[in-house]
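Participant: Okay, here's the structure, questions in a sec.
Please treat every number below as a calculation from the coordinates, not as lab data. None of these values were measured; they are calculated from a predicted model. When we count neighbours, we look across all protein chains shown, and the Cβ atoms used for this are built from the backbone with ideal geometry, even at glycine.
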Amino acid sequence: MKPTRENALELFKKYNQSESLFKHAIAVEGVMNYFAGKYHEDTQKWSIIGLVHDLDYEKFPEQHCTMTRKILEENKWPEEYIRAIVSHGWGICSDVQPEHIMEKVLYATDELTGLVTTSVLVRPDKNIHELKVKSVMKKWKDKKFAAGVDRNIILKGAEMLKMDISELIEETIEAMKKVAPALGLDGESS
């Protein structure tokens, strides 16, 4: 079966009720879509992988990635999709190392979307269109800010992509601008 966005969204909503987790899924979906276009890859596939990457996180946090594999196999998803999704947990809850460019982008940007989102939410205008890389870099250095964001994973991911961290942040901000209204990060929907 080749997954569609509709069945990916339906599956995600079956296992997740949290609005913040849904917004995170939309952010990562948008980032994956953006990078797929940049690398001339399949935007639909990359987007779907971004959308469901945390499929099991709400119901099975202690079995993150393991349960996603099980759920997606039961739903007859292609191994390529499953492997990509499981690889985003490399070194944390999975031993599947990101190899394909798609897997490396997911690994590098998953945590970073959280840092970017938090950086926007502390702004008075709550507008990602006004967010600058230097603002995120300043927040990056403050380990108490968005303390749950693992900066080492982002650094490893940037290294895998052969990108400077500020370039990765800039590209991620650009990608998230395209889905800003759905994320409530456009300064309009506070």
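Participant: Confirm whether Asp54 is crowded, with 21+ Cβ neighbours inside 10 Å and under 20 Å from Arg5 (Cβ atoms).
Facilitator: Against the criterion (crowded, with 21+ Cβ neighbours inside 10 Å and under 20 Å from Arg5 (Cβ atoms)), Asp54 qualifies.
Participant: Quick check on segment 85-100. Is at least one of its residues in contact with a strand residue (DSSP E or B) (Cβ under 7 Å, 6 or more places away or on another chain) and of a type in the set (Phe, Trp, Tyr)?
Facilitator: Of segment 85-100, the ones in contact with a strand residue (DSSP E or B) (Cβ under 7 Å, 6 or more places away or on another chain) are 86-87, 96-98.
If we keep only those that are of a type in the set (Phe, Trp, Tyr) too, we end up with none.
Among the residues of segment 85-100, not one is in contact with a strand residue (DSSP E or B) (Cβ under 7 Å, 6 or more places away or on another chain) and of a type in the set (Phe, Trp, Tyr), which makes the answer no.
Participant: Give, as residue ranges, the helices (runs of 4 or more DSSP H) completely inside segment 74-144 that count at least 2 residues that are closer than 19 Å to Thr43 by Cβ. Can you show your working first?
Facilitator: Numbers: elements: 79-87, 101-121, 133-141.
Fully inside segment 74-144 and qualifying: 79-87, 101-121.
Participant: Let me ask you something else. I'd like to verify a number: residues in segment 60-87 that are of a type in the set (Asp, Glu) and either buried (at least 22 other Cβ atoms within 10 Å of the Cβ) or in contact with an Asp or Glu (Cβ under 9 Å, 6 or more places away or on another chain) (or both), how many?
Facilitator: The initial filter retains those residues of segment 60-87 that are of a type in the set (Asp, Glu), namely 62, 73-74, 79-80.
Checking the rest, the ones that are also either buried (at least 22 other Cβ atoms within 10 Å of the Cβ) or in contact with an Asp or Glu (Cβ under 9 Å, 6 or more places away or on another chain) (or both) come to 73, 79.
The total comes to 2.
Participant: Taking the condition in contact (Cβ under 8 Å) with a residue 60 or more places away in the chain and surrounded by 20 or more Cβ atoms within 10 Å (Cβ to Cβ), does Leu121 pass? Reasoning before the result, please.
Facilitator: Values: in contact (Cβ under 8 Å) with a residue 60 or more places away in the chain: yes; surrounded by 20 or more Cβ atoms within 10 Å (Cβ to Cβ): no.
No; evaluated as a whole, the condition is false for this residue.
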